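Take a look at the structure set out below.
The values are calculated or read from the model by the stated rules, or taken from the named source; none is laboratory data. Model, not experiment: these values are computed from the prediction. Note: areas computed on protein heavy atoms with side chains; ligands, DNA, RNA excluded. Shrake-Rupley method; radii C 1.70, N 1.55, O 1.52, S 1.80 Å.
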Amino acid sequence: SFHNLLKHNCVPQLCLGLTTNPVLLESAYQALETSLNGFPGVLMSSLVSEKTSLEALFHLLGSSDQSQKGKMNVFAAAVMSSAGNLGILGDAVTRFGLRSIAVASLSAACLMEDQQSEVCLLAEDMTEEGSSLSMLCLHGLVDVLSVEQSTKGEKKLVLSPSEARAIASSLGKKLSAMVLERFLHKAEQERHCINESGHQEVKNFPEVTMLCALAASKEALSFLVASGGLEALSLVAAEGVIEAIAALQEVCHVDASAVIEVDGHVSALHVIAEQTNQHDAERACFELLASICKKSKDGRAAVSEAEECMPCIGYASDRIKGLLSSVSDEKDAVVSPSDTKGTEMAAMSFLASLLQSEECRAAILEDSDLKTCLDNIVLNAPNYPMQLSGVGFLCKCARFVGTFTSEVPYNVDNITSPLMSILESSRSRSKRLPMGSSTGFTSFGDFSESHHLNENLLVANACRGLESLIQFMPKDSVDKTLTALASLWCDTIDFQSTGTKKTASKTNNSGLLMYNISCIFLGVCGNNDINVFPTVVSNILKLILTNSTLTEKRLKQAASDTTVNDDNLYWIATHTQCLQCLATLTIDPTYQASKECTLGDVITKAESEVVTSTRARKPARLLQSPATPPPTLRSILEQISVNISDQTNAVIARKILENLSYF
């Protein structure tokens, strides 16, 4: 055929090459236009088969020749759009090393119609689908930036940080406007009940694809936000596009109010309320809404007052209740990372974040089946992430236990019970739960993130709930709770005091656990209605007496590890809390730990026990060396009181010494 003859003799390439000559530009363009009448696919591959012809095509795209009044620019853009749709432009650009030129040329051409309005009209007239010049260029640009990701031939936009910044800064505003225009057109079609043939999902349009690719880059996201791209991302997020939802989440970390201003929370609620079973999108939306609610009171109000909030609460509850049978079935199963029920855990976080809203709290807490499911998760969950989610929800409920009515299935006893079960089972658990993820490294000496989810973190979270509940507990429950906490406290100190190498899975979060327990101890020490019995006081004294030894061993174990160094902050805070407890107890010179036991008796006994335990851990050869005077509480407090590098503890120690002088 004639087209094959043109292709065989390389006529399109020759004509295209001649367009780089200013003298022959117009004639060569006319010949090229004639030979490519209708832009048949059979000739398209020939135009991008050689480096020189491809370079000439980019030159023609950026031509400022006024004789054709933008016709050449539109022609070149249409050719590249067609080549992009065929999936051959990107491969050719990569093959010839023209990516930088292609990105710069196509990006600049996208903005051309903003300076020359007649070019836009010309593009609509010259293309069958009535595309604008910017849309034609975007088709080409998307293919240039797309890289094959799998053997199935699927492509994904891949941008370097510098490319993302450059495109976002130059095209961010234009892309946002194009996306908004797309949604306006979509809304108009829906309003008139018009179904266009060849319907495409929103995420497949080039302007949406490009916007989402840029939003996935932290380097580019700030440029998009500054150019008004957040509103466009919010509209795309409402379609369940995970990249847009993730971008809103990223912005929320910095400024939640910016997300609320563009109704990002409404978009997230809409995705959930639609119940499309897009699990990744639903999880991302639950996480986004939880972040918005946690950031500020205004964010929580915006979510709770939105029209679709209540349906979403109902759906989140149903998703969580769906775990009831699977939790029991999977109790003894080995759980892989993909089986951690991420959507349901995100739903728990979403509901917990709404408990501060009175109306939402009433809707959530009236569901007795949800409470049954949560108890089961706390007691029988097959992995730490799921169990932590359940414990976290109950702890949030505990903060409001004083406001609960008798009608809701939550009260002090039935929130305390599962949390106490965590404490009691912690000492007897035969094996660690799966973490949901693992680095594959040995647990010895490895303080990586894989060991963050452990027994200590679980118990520490349970202690946060008990801290809120203890003031509402009856006396027998208080005594039982303090006894369990004292045992955990003592076990943790003994474990930290040993000289053997420790597993990261048992060491991580030990400081957080001790700090949360010390918060409860400090609370009861300052509460005249609760009698702090000798065991608790003895444990407080034990940490003060052994703190220097514990610190030395922790620092030696931690070395330069960031995770352990962070946990060490909690150990330091625990020591301060213990000094505060002792300062509180010694204010009243008539204080007695019990009828038979004075504070002085408890101090003497604690000093003796520390000496005994220290000697028991020493090798026999060291026991025969000259003995050093055993540390006493007073001598340790005197050392602390003169340590000006820790002014807070120094002041507290001086107060305790002053108080003890009255005993």
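Round to a whole angstrom and tell me the spacing of the C-alpha centers of the stretch 341-397 and the stretch 227-270.
The stretch 341-397 and the stretch 227-270 have Cα centres separated by 25 Å.
Amide H neighbours of Lys155 under 5 Å, counting only residues 5+ apart in sequence or on other chains, H built in-plane at 1.01 Å?
Counting only residues 5 or more places away or on other chains, the set is Gln149.
Hey, what do the phi angles of the stretch 221-226 turn into as Karplus ³J(HN,Hα) couplings, whole Hz, using 6.51/-1.76/1.60 and θ = phi - 60°, x for Gly and Pro?
4, 4, 5, 5, 4, 5
Listed here are the pairs Lys480/Lys605; Lys203/Lys297; Lys297/Lys396; Lys156/Lys203; which of them are more than 21 Å apart at the Cα?
On the way: Lys480/Lys605 23 Å; Lys203/Lys297 33 Å; Lys297/Lys396 16 Å; Lys156/Lys203 12 Å.
With Cα atoms farther than 21 Å apart: Lys480/Lys605; Lys203/Lys297.
Name the residues whose placed amide hydrogens come within less than 5 Å of the amide hydrogen of Asn531, ignoring near sequence neighbours (fewer than 5 apart) on the same chain.
For Asn531, no residues qualify.
Using modelled backbone amide H atoms (1.01 Å from N, in-plane), which distant-in-sequence or interchain residues come within less than 5 Å of Leu453's amide H?
Distant-sequence amide H within range of Leu453: zero hits.
Keeping all protein chains in place and using 1.4 angstrom, which order do Asp476, Asp494 fall into by accessible surface area, from largest down? Each step should come with its number before you reach the end.
Numbers: Asp476 110, Asp494 60 Å².
Largest to smallest exposure gives the sequence Asp476, Asp494.
Would you kindly derive the ³J(HN,Hα) couplings of the stretch 176-187 from the backbone phi angles with the Karplus curve 6.51 cos²θ - 1.76 cosθ + 1.60 (θ = phi - 60°), listing them in order in whole Hz, with x for Gly and Pro?
4, 5, 5, 5, 4, 5, 4, 6, 5, 5, 4, 5
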